[in-house]
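The values are calculated or read from the model by the stated rules, or taken from the named source; none is laboratory data. Keep in mind that what you see is a predicted model, and the values were worked out from it rather than measured. Cβ atoms come from the backbone with ideal geometry, glycine included; neighbour counts cover every protein chain shown.
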């Protein structure tokens, strides 16, 4: 498939990835509806993991991952908030002001881990739809 300079082609997500993505978004909405904004990130993280467990979805919390730079391997250099089914990276925030560096961080995590799909979820928003950003690498 030909690509223009502004168009990036990604392989379509598998049905499993699509289902997991749907669950992730649903969980974010569920938690936000029940708790609202203004709590600590750690509270949202615990609730998110609880919801994943209830749905039988495997995850790792505060997952340490190495970074490879040239011949150097730096163990534990990345700390991913939640890694879902060893496929999807979730970075959680609970901050009033959005910072573009969060998206750059997520894209770096995707690149450095070889994962394709990631979510940046900020719970400190009035409407959850404004707090979810999906990125594919």
Determine which single condition residue 108 fails, assuming it passes every other condition in (1) free of Cβ contacts under 8 Å to residues at least 12 places away in the same chain; (2) exposed (fewer than 14 other Cβ atoms within 10 Å of the Cβ); (3) within 27 Å of residue 10 (Cβ to Cβ). (2)
Any residue at all in segment 112-119 that is surrounded by 11 or more Cβ atoms within 10 Å (Cβ to Cβ) and more than 21 Å from residue 18 (Cβ to Cβ)? yes
Using beta carbons and a limit of 6 Å, which pairs, at least six apart or on different chains, have the first residue in segment 25-47 and without any contact (Cβ under 8 Å) to a residue 24 or more places away in the chain and on the phi < 0 side of the Ramachandran plot and the second one surrounded by 13 or more Cβ atoms within 10 Å (Cβ to Cβ) and part of a helix (DSSP H, G or I)? 47/31
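Listed here are the residues, each with its yes/no results for (1) closer than 21 Å to residue 137 by Cβ; (2) modelled with pLDDT of 95 or more; (3) surrounded by 19 or more Cβ atoms within 10 Å (Cβ to Cβ).
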{"residue": "46", "(1), (2), (3)": "no, yes, no"}
{"residue": "54", "(1), (2), (3)": "no, yes, no"}
{"residue": "64", "(1), (2), (3)": "yes, no, no"}
{"residue": "94", "(1), (2), (3)": "no, yes, yes"}
Among the listed residues 125, 84, which satisfies the condition of being surrounded by 18 or more Cβ atoms within 10 Å (Cβ to Cβ) and either over 23 Å from residue 50 (Cα atoms) or out of contact with any strand residue (DSSP E or B) (no Cβ under 7 Å at 6 or more places or on another chain) (or both)? 125
